[in-house]
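Here is the structure we will look at, set down as structure tokens.
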Amino acid sequence: MANPTTTTTASTTTAAPSSGIAARLFRPATRQKLLAFASLLVLMIFFSFASSNFMQTDNMVAILQATAVNGVLAIACTFVIVTGGIDLSVGTMMTFCAVMAGVVLTHWGMPLWLGVAAAILFGALCGFVSGVLIAKLKVPPFIATLGMMMLLKGLSLVISGTKPIYFNDTPGFTYISQESLIGDLIPALPIPNAVLILFIVAVVASIVLNKSVLGRYTFALGSNEEAVRLSGVNVDFWKIVVYSVSGAICGIAGLLIASRLNSAQPALGQGYELDAIAAVVIGGTSLSGGTGTIIGTIIGAFIMSVLTNGLRIMSVAQEWQTVVTGVIIILAVYMDILRRKKQ
Amino acid sequence: MANPTTTTTASTTTAAPSSGIAARLFRPATRQKLLAFASLLVLMIFFSFASSNFMQTDNMVAILQATAVNGVLAIACTFVIVTGGIDLSVGTMMTFCAVMAGVVLTHWGMPLWLGVAAAILFGALCGFVSGVLIAKLKVPPFIATLGMMMLLKGLSLVISGTKPIYFNDTPGFTYISQESLIGDLIPALPIPNAVLILFIVAVVASIVLNKSVLGRYTFALGSNEEAVRLSGVNVDFWKIVVYSVSGAICGIAGLLIASRLNSAQPALGQGYELDAIAAVVIGGTSLSGGTGTIIGTIIGAFIMSVLTNGLRIMSVAQEWQTVVTGVIIILAVYMDILRRKKQ
Amino acid sequence: MTPNVVIRNLSKSFPGVRALDRAQFELLPGEVHALMGENGAGKSTLMKVLAGVYQKDEGEILVDGRPVDIDSPRAAQALGIGIVHQELNLMNHLSAAQNIFIGREPRGRFGVFLDEDALNAKADVIFQRLHLKLDPRTLVGDLTVAKQQMVEIAKALSFDSRVLIMDEPTAALNNAEIEELFRVVRQLQGEGVGVVYISHKMDELRQIANRVTVMRDGQYIATVPMASTPMQSIISMMVGRELNQEVPDIPDTSANPVVLTVRGLRRGAVIKNVGFTLRKGEILGFAGLMGAGRTEVARAVFGADPIEAGEIEVHGKRVTIRSPQDAVGHGIGYLSEDRKHFGLATGLDVETNVVLSSLNRFTKAGMFLDQVAIEKTAGDYIRQLSIKTPSAQQLVRLLSGGNQQKIVIAKWLLRDCDILFFDEPTRGIDVGAKSEIYKLLNALAAQGKAIVMISSELPEVLRMSHRILVMCEGRITGELKAHEATQEKIMHLATLRESATTPA
Amino acid sequence: QETYIPLISKGFQHQFWQAVKQGADQAAKDYKVKVTFEGPETEAMVDKQIDMLSAALAKKPQALGFAALDSKAAIPLLKKAQAAKIPVVAFDSGVDSDIPVTTATTDNKAAAALAADKMAELIGKSGEVALVVHDQTSRTGVDRRDGFLERMKSTYPNIKIVSVQYGGGDQLKSTEIAKSILQASPNLKGMFGANEGSAIGVVNAAKETKRKIVIVGYDSGKQQKDAIKDGTMAGAITQNPVGIGYKTVEAAVKALKGETLPKVIDTGFYWYDKSNIADPKIAAVLYD
Ligand SMILES: Nc1ncnc2c1ncn2[C@@H]1O[C@H](COP(=O)(O)OP(=O)(O)OP(=O)(O)O)[C@@H](O)[C@H]1O
Ligand SMILES: Nc1ncnc2c1ncn2[C@@H]1O[C@H](COP(=O)(O)OP(=O)(O)OP(=O)(O)O)[C@@H](O)[C@H]1O
Ligand SMILES: [Mg+2]
Ligand SMILES: [Mg+2]
């Protein structure tokens, strides 16, 4: 069927698919990703000059650790935001998962792995509920997850009896977040496990988003849901999967924070969603869906924690910290916009 | 160029603009709007049966009063959301305006009207800044207003010296929100002025949104910004105007809350944006822009305050209040979706 | 006579694409100047530069002999340049009248409030001029693509421009509307308006254009008078080679097994008791005026919209189709007429769109994508359909309209359905590619696929169909065998209104 | 009909307020009355508290307990209560008005000053000290901060306050804040956490950075108690939140019976450390 005359003209216009790591590195897309670090680097350099206490192993580790929870939550949000949705419930969902881990481990005295599984499972379950509300009942994501946010906040308090649940009977639990596997191997790098987990979650999420069927549908849903539906894809199913995956990742965040605080604090969580979404958006993901990268999200999360940490190290008065943070978030994103425009 | 034959035929095909209140009431669009009250009515009826204390003048007035601030903020948000944007700064902007009124009235001892003007003006100014960031610098609305939220939160604290500013030297100030002009005329209706102001703001906003050039562009921007640009409209200008108007309305909210509390509380404000946006979305406005009504927003705001008030009157435990609120918000919106689907 | 517009040595590049390469163009007052070229030749880009949407990299533009700098749509309007864009640019939440006069609303009191009645009246005047029956208060989002296109045209007319650019204005229109449009265009021509007319429909250009400028790969090829130049030579200028257009014989498929039977399909006033059968290896043409309900029928069978009643049999077995997923599961594919909204995820790249409905065929280990296979497959289709794109990773949004259409086709070819609904498959596709698509449809039919081809271009329907169904106002008003069908017979059936058929 | 006494507090979720609630519930049982306990999400939400107050008044209670976030803002409603002959008992911090029949409170400032004394003693009256406070604007936050700072300034000239930061009582945020402070001040000798969440944050930070500093806390809770027992925390101030809740309800009941009440019911504050944590008198005012 292919007629020889057309094929010849076509082949000149079709660029050969570029392969090989080297070629990939120099693809414009990759270069752009590397440049996205710019704002972060500028911040780091500034703070290094502003305070000699900033650029020290301890503090770098502290920044890494401070990014872990928000980073994981932001990764959870990235999935949802790429579909063009939003998830306001990530913060309280994290808390809910932490509380459920507490119930399983402390109240019921189950072994550690069951607590871990419970947190992730309950996260997936909550995400599943949001997903069903959004995909099947067509409740707008904002409302469905706002409702879930309140529901889970209340449930966390009810289940825990408005008291923190401590993990003193499960000694291994703090290991999840606080100890350092890497530090045990390379003493010079005492990177806490929380950061390792953030890193693993990021890598896995990145692979899922870019290389898996789920990831492809995530982008497609955000780009044009109706077109995907008319392609014969079970849009509802995939949407529910996306929210469930996002929920499961919130469960991991719940484990991180509970392990770090050695307790499930039922009152905590609200307000974390804004930080998470901010990290995603600072990282270049559009709230209207269809675009986004995990690396961007991670950079966004780091920009936020470097900023907070740096200003605190400089002992800037708290009210001014807020002012400066606001201004710098805008500036960082603006720089990113300028950079992309140039390309 | 208008040739006589076309003009005559034109008049026949143009359906006579239906006028008369009766005709308007029975338009499908109007009927739909009336039905939107359904969720609200169901809630009200339920609470009336659940507690005899609910349906009493005092409590109704309390509900109205409790809706005033969130209602005005939600109206401000409606404008922005109809353009397809979002405004996270409404809460802290309100506070900032209240603080500025406090500075003008209490610190500088200016006359009352200047304080009122200052609040509204500073609101418009903040909105203008957000607008410029979004329209000119192309910072995504989420980031621009997140930045503004933090900036204004910090500035409020800085300017007020982290202490409330009291309006004791401006006795008329409490009149804005607390006294009742209507109650003076009709003692049986002690509706506080705050509610009167909410009502006036709603009516004016509704007229602006539906009958004015600004309103037209607000909808057009939300529907298809690119098309508006290609039509030769100065998109940036109108966007800035929308944000400025929204800011000015936040200024009014600032006056209401300051007058209600007889003080500008600099730490207040964060978290209010979520309530305001929720009211807008519950009211049927889509976060993707292009649709929305002020009446819907007001209904949304009332659904939220009736719910909170009713659960309190029923003495539901606070943690369960949160759970129930979450569930009912989802249900209310779901009912609304079902209703629209049927039509 | 000073030309309305002169464009010299205009160049414009996008990342990875040199869309215009020293292009030239000249428009005289009172002429209809056709701009022709293959998909992606740069026609739209050239006109967008003229309309202030894109900024030129180099070159010059003269309007009325004076060099100008057109830096915004508003500047173009001020110079009297109006444009109907190839892609619809409408605000779906606003009414037709509000769309037309956006930015130029008649003001009432205080110059702040809108005079809605005046607005609707003004819009109505324009609709009258187009002989278009449309309530100016209808929301644009509720209109069919065809009506939306008419609104766009009405909008361009409302400017009273001296230069009117029409980028494939008739792609979604039917003969009757095209006639109305041409009437108006000729009227404008008489008033001294210069019209730039871009279209891939050759017969149309014959009717309306005075001169034609041919472009290829962003470059200027030639400007020739329309009347005296044989179509064949214009086409070879466009494609840079000879194109043979032999019409194949229409096979007899009346004895083939029935693969799809639709009975008693209903939904409201849009689909009224529609039933038909489709045989293996058959191309069934669906003809009708715009809004006749052909798209609605296709969408209903495909499960994209709910139905009130109706039975569907696939290969003789009763099936329930509640969603496109069910339909695809039964081997039914549907190529939408509105690629931007229903066909493509335009924010994603070419390869993703090509594999979108067959993604589960490109997996490794159950969930991971076989990127190599995807790239290869996309590359195959890019070659097979001559899709003009810098790479398989290019965003679909950045491709020319015709090439976007080809990607939708590629998607369904890859899905390999037995029953395919092609809704306006050649909309916006150039001659060369069109004949490729015809060949493709014939080849698919020969392979045993059953094809429903909905088209508003009668010559196309006549040329391709083995059998033709005509619809009017939601009913099937007649069936014609290929050899007995003529344009006149189709038009007769297409205007057979219910009121005319039911005895009083 | 059952006597109904709503308590409108400054907060709800924090352990401190839960302990107050616990005391109130206990008193409710003892005196056979019904109480409800409500408070806004953050101590900044003055207007939300006012809404709670008006909803409480709509329920026509016999008496009312109220911990004002901003005492002036609530006066119109308190006047309404007075007009309806509903006795108001202020708790936690006073209301600038003579409407409340009594106030069940402790002096936060004096308590924080005691914390300052203990800190000074423990670090040898000289060196760098920092504060992690829960709130920059709320009464408790401001009083505890100022009480501590003023005592340091007036009595211990060799002690330098290097940083005061606010973590909203959120354990995680307070941890990060305390860590940054430790990072910024390598010579820091002591840190004061002005409420439970802040104190836990300081403890976590010291653990994570493995720094040896003197930590003084405020309030109680299991983690703080554990930290004191294992020596991470030198000691802490506790008020008697359970007592505050109990006394508030008790005072309301007494007021309803027409008994006269003192203007202020001081529920007291205590310093506790490893040595006296098991003391029954102290254990009684601590909560888990
Ligand atoms: N914004 C853009 N960014 C990148 N490339 C673009 C952009 N717009 C157009 N192009 C490319 O420029 C070339 C010319 O496109 P143009 O739309 O002008 O073609 P056309 O002649 O109108 O084709 P068609 O007949 O298919 O509409 C194409 O290769 C197209 O992919
Ligand atoms: N979204 C919609 N809302 C309301 N009515 C619609 C909508 N889409 C189509 N219709 C109506 O349905 C009827 C059938 O339209 P349909 O698109 O099926 O026609 P068609 O024969 O495919 O014509 P064409 O595609 O050429 O416009 C028309 O009366 C049209 O006005
Ligand atoms: Mg084009
Ligand atoms: Mg159609």
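The values are calculated or read from the model by the stated rules, or taken from the named source; none is laboratory data. Nothing here was measured: the structure is a model prediction, and the numbers come from that model. Backbone-built Cβ (ideal geometry, glycine too); neighbour counts: all protein chains shown. SASA here: full protein model, heavy atoms, side chains in, ligands and nucleic acids out. Shrake-Rupley method; radii C 1.70, N 1.55, O 1.52, S 1.80 Å.
Brief remarks follow.
- Among C:Arg211, C:Arg397, the order of accessible area from largest down is C:Arg397, C:Arg211, computed with a 1.4 Å probe on protein heavy atoms.
- The range D:1-40: trypsin sites (Lys or Arg not before Pro) falling in loop per DSSP and having at most 14 other Cβ within 10 Å: D:Lys32
- Probe 1.4 Å - accessible area at C:Arg186, Å² to nearest ten: 110
- Contact order for chain A, expressed relative to its length and based on alpha carbon pairs under 8 Å spaced 6+ residues apart, stands at 31 percent.
- Reachable lysines, given that their alpha-carbon falls under 20 Å from the alpha-carbon of C:Lys317 and they are not under 8 places away in the same chain: C:Lys280, C:Lys449
- Label-point gap, in nm, between A:Val204 and A:Met60 - each point 7 angstrom along Cα→Cβ: 2.7
- Distances between copies of A:Lys341, taken at a point 7 Å out from Cα along the Cα→Cβ vector and listed shortest first: 4.4 nm.
- Solvent-accessible area of C:Arg279, all protein chains in place: 60 Å² (probe radius 1.4 Å, heavy atoms, ligands and nucleic acids excluded).
- Close amide H partners of D:Tyr166, meaning residues 5 or more places away or on another chain with modelled amide H under 5 Å apart, are D:Val133.
- Residue list for the range C:117-158, given a label point 7 angstrom along the Cα-to-Cβ vector of C:His341 and an amide N cut-off under 20 Å: C:133-156
- Estimated FRET transfer efficiency (D:Lys153, D:Asp266; beta-carbon r; R0 35 Å; 0.05): 0.85
- Within the shell defined by Cβ-Cβ distances under 12 Å, the residues around B:Ser212 carry a net charge of +1, with Lys and Arg each +1 and Asp and Glu each -1.
- Carbon-plus-sulfur accessible fraction, the protein assembly as shown (probe radius 1.4 Å, protein heavy atoms only): 60%.
- Percentage relative contact order, chain D, counting C-alpha pairs under 8 Å, at least six apart: 20
- Cross-link partners of C:Lys56 among lysines, defined as those whose alpha carbon lies under 16 angstrom from its own and excluding same-chain residues fewer than eight positions apart: C:Lys12, C:Lys43, C:Lys48.
- Sorted from shortest to longest, the distances between the A:Ala38 label points of this copy and the other copies are 5.3 nm, with each point 7 Å from Cα along the line through the beta carbon.
- Sequence of B:Trp108, B:Trp320 from largest to smallest accessible area, 1.4 Å probe: B:Trp108, B:Trp320
- Under the simplified labelling scheme, the B:Ser52-B:Thr291 pair shows an inter-label distance of 4.4 nm, with each label point 7 Å from Cα along Cα→Cβ.
- Here the Debye sum runs over all C-alpha atoms of the range A:28-342 as equal scatterers in vacuum, and log10 of I(q)/I(0) at q = 0.14 Å⁻¹ comes out as -1.09.
- Estimated buried accessible area (total), pair B and A, 1.4 Å, Å² to nearest 100: 3300
- Karplus 3J(HN,Hα) series, Hz, for the range A:134-144 with 6.51 cos²θ - 1.76 cosθ + 1.60 (x for Gly, Pro): 6, 7, 8, 8, 6, 6, x, x, 4, 6, 4
- Quick note on chain D: its Rg to Rh ratio, both from C-alpha atoms and Rh being the Kirkwood radius, is 1.00.
- Averaging Cα coordinates gives a centre for the range B:216-288 and one for the range C:22-95; these two points are 36 Å apart.
- Computed over the range B:211-343, the range of Cα coordinates on each principal axis works out to 57, 47, 22 Å, biggest value leading.
- Count Lys and Arg as plus one, Asp and Glu as minus one, and take only other residues whose Cβ is under 12 Å from that of C:Pro390; the net charge is then +1.
- Inter-label distance for C:Ser233 and B:Lys136, nm, one decimal - labels placed 7 Å from Cα along Cα-to-Cβ: 5.7
- A compact globular protein would have a Cα radius of gyration near 2.2 N^0.38 Å; the ratio found for the range C:288-424 is 1.12.
- Long-range Cα-Cα pairs in the range D:147-205 (distance over 19 Å), rounded percent: 30
- In the complete set of protein chains, residue-level accessible area for C:Tyr54 is approximately 70 Å², probe 1.4 angstrom.
- Set of lysines with alpha-carbon distance to A:Lys211 below 27 Å, sequence-local pairs under 8 removed: A:Lys33, A:Lys136, A:Lys239, C:Lys340, C:Lys364, C:Lys376, C:Lys388, C:Lys406, C:Lys411
- Counted charge near D:Lys247, where neighbours are those whose Cβ lies closer than 13 Å (Asp, Glu -1; Lys, Arg +1): -3
- Chains B and D, summed buried accessible surface - 1.4 Å probe, Å², nearest 100: 2400
- Pairwise FRET efficiency - B:Trp320 versus B:Phe37, Cβ, R0 = 25 Å, nearest 0.05: 0.40
- Residues B:Leu41, D:Leu53, A:Leu185, A:Leu151, sorted by accessible area with the largest first, give A:Leu185, B:Leu41, A:Leu151, D:Leu53 [1.4 Å probe; ligands and nucleic acids excluded].
- Compactness relative to 2.2 N^0.38 Å, alpha carbon Rg of the range C:368-492: 1.21
- Stretch in chain D that is longest and holds no GluC sites (Glu not before Pro) that DSSP places in a loop and that have at most 11 other beta carbons within 10 Å: D:3-258
- Compactness check for the range B:235-312: Cα Rg over 2.2 N^0.38 Å is 1.26.
- A label point on B:Asn210, set 7 Å along the Cα-to-Cβ line, lies at 5.1 nm from each of its counterparts in the other copies, closest listed first.
- FRET efficiency for C:Ser13 and C:Lys364, using Cβ-Cβ distance with R0 set to 45 Å, rounded to 0.05: 0.75
- Whole-number percent relative contact order across chain C, with pairs defined as alpha carbons under 8 Å at least 6 apart: 16
- At q = 0.18, 0.24 Å⁻¹ the log10 of I(q)/I(0) for the range B:289-343 amounts to -0.70, -0.99, computed by Debye summation with a single uniform scatterer per C-alpha, solvent ignored.
- The protein assembly as shown: C-alpha gyration tensor shape, a/c 1.5 cut-off, then a/b vs b/c: prolate
- Residues of the range A:307-330 buried by at least 30 Å² on assembly (accessible area, 1.4 Å probe, chain alone as reference): A:Arg312, A:Ile313, A:Ser315, A:Gln318, A:Glu319, A:Trp320, A:Thr322, A:Val323, A:Gly326, A:Ile329, A:Ile330
- A 1.4 Å probe run over the protein chains yields, for the range A:28-342, 33 Å² of accessible area per residue, whole-number rounding.
- Loop-located trypsin sites (Lys or Arg not before Pro) across the range A:107-193 with a Cβ neighbour count of 15 or fewer within 10 Å are A:Lys136, A:Lys138, with loop assigned by DSSP.
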